[in-house]
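Working notes, beginning with the structure itself.
The values are calculated or read from the model by the stated rules, or taken from the named source; none is laboratory data. These figures come from a predicted structure and were not determined experimentally. Here Cβ is always computed from backbone atoms with ideal geometry, including for glycine, and neighbour counts include all displayed protein chains. Surface areas here come from the heavy atoms of the whole protein model, side chains and all, with no ligands, DNA or RNA. Shrake-Rupley method; radii C 1.70, N 1.55, O 1.52, S 1.80 Å.
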Amino acid sequence: MRSNTPCGRMSILKWAILFILGIITSFILYGLSSGVNMAIRPVLGQMPAMIGCCAAMLGIYYLCVRVFEKRSASEISLKKVIPDTAKGLGVGVLYFISIIIVMSLLGVYRITSFQFDLEGQLKAFFMFMMVAVGEEFIFRAILFRTIDERFGFWWAIAISALVFGLVHIS
């Protein structure tokens, strides 16, 4: 146990309560956003709910870092988030294009037509952004960091990877 970090100094009970509250908060925000999305039919009307959900999760993360870790959450400053998000989106697009090219060359994927639905693309984009922020919040900001600070890096890697994998099993 690393006793020199805020999570390392917390009692196991307080740490577990903080961890569980973080996950419950994430699910509540997801649920609220999903409810708004079901109630509002035009996709453009749904985007504020998705953006609001992301902003709320980032705000909660910021408050938790300020209160429990007694530091600034500089990793989510706009100076860092915007270029990092742009890089991540760029790498993701290149990754998907590469996979499509390789699968096409192997004959296991064939593009038969191309249609562009701006409304559908925007909905997918904002939905994936909301899911990405939520998963980062749950698996990296809460699960990985608290386990890393409490029990060490290798335990954090093993447990967060296991939980992430179990959650994503279809």
Requested in this report: Excluding residues fewer than 8 places away in the same chain, name every one of the lysines whose C-alpha is closer than 26 Å to that of Lys70.
Outcome: Lys14, Lys79, Lys80
Requested in this report: Would you mind getting the accessible area per residue of the range 18-87, heavy atoms of the protein chains only, 1.4 Å probe, in Å²?
Outcome: 61
Report task. Could you tell me the accessible area of Val133 in Å² (1.4 Å probe, neighbours in place), rounded to the nearest ten? Result -> 30
Query raised in the report: What does the accessible area of Glu135 come to, in Å² to the nearest 10, when a probe of 1.4 Å is used?
Result: 50
Query raised in the report: From largest to smallest, what semi-axes in whole angstrom does the range 37-109 give when each is the square root of 5 times an eigenvalue of its alpha carbon gyration tensor?
Result: 33, 22, 10
Report summary line: With +1 on the Cβ of every Lys and Arg and -1 on the Cβ of every Asp and Glu, the dipole magnitude of the range 67-168 about its Cα centre, in debye rounded to the nearest 20, is 180
Report summary line: Order by accessible surface, 1.4 Å probe, largest leading, for residues Arg66, Arg71, Arg140, Arg110 comes to Arg110, Arg140, Arg66, Arg71
Query raised in the report: How large is the helix-only mean residue ellipticity at 222 nm for the chain, computed as the sum of -39500 (n - 2.57) over DSSP H runs with n ≥ 4, divided by its residue count, in deg cm²/dmol to the nearest 500?
Result: -24500 deg cm²/dmol
Query raised in the report: Counting only complete DSSP H runs, which helices of the chain cover 24 Å or more along their long axis at the Cα atoms and score a mean Kyte-Doolittle of 1.6 or above?
Result: 12-39
Query raised in the report: When ranked by the protection proxy of mean other Cβ atoms within 10 Å per residue, highest first, what sequence do the peptides 48-55, 84-91 form?
Result: 48-55, 84-91
Query - Dipole of the range 58-170, positive end: most advanced residue of Val81, Ile101, Met127 [Cβ charges, Cα centre] - result: Val81
Query raised in the report: To the nearest 10 Å², what's Ile17's accessible area with a 1.4 Å probe?
Result: 90
Requested in this report: With only alpha-carbon atoms counted, please give the Rg and Dmax of the chain, in Å.
Outcome: 19.0, 59
Query raised in the report: Where the only charges are on Cβ atoms (+1 Lys, Arg; -1 Asp, Glu), what is the dipole of the chain about its Cα centre, to the nearest 20 debye?
Result: 460
Requested in this report: Can you send over the carbon and sulfur percentage of the accessible area for the chain, probe radius 1.4 Å, protein chains only?
Outcome: 74
Query raised in the report: Once label points are set 7 Å from the Cα along Cα→Cβ at both Ile24 and Lys70, what is their separation, rounded to one decimal in nm?
Result: 2.7
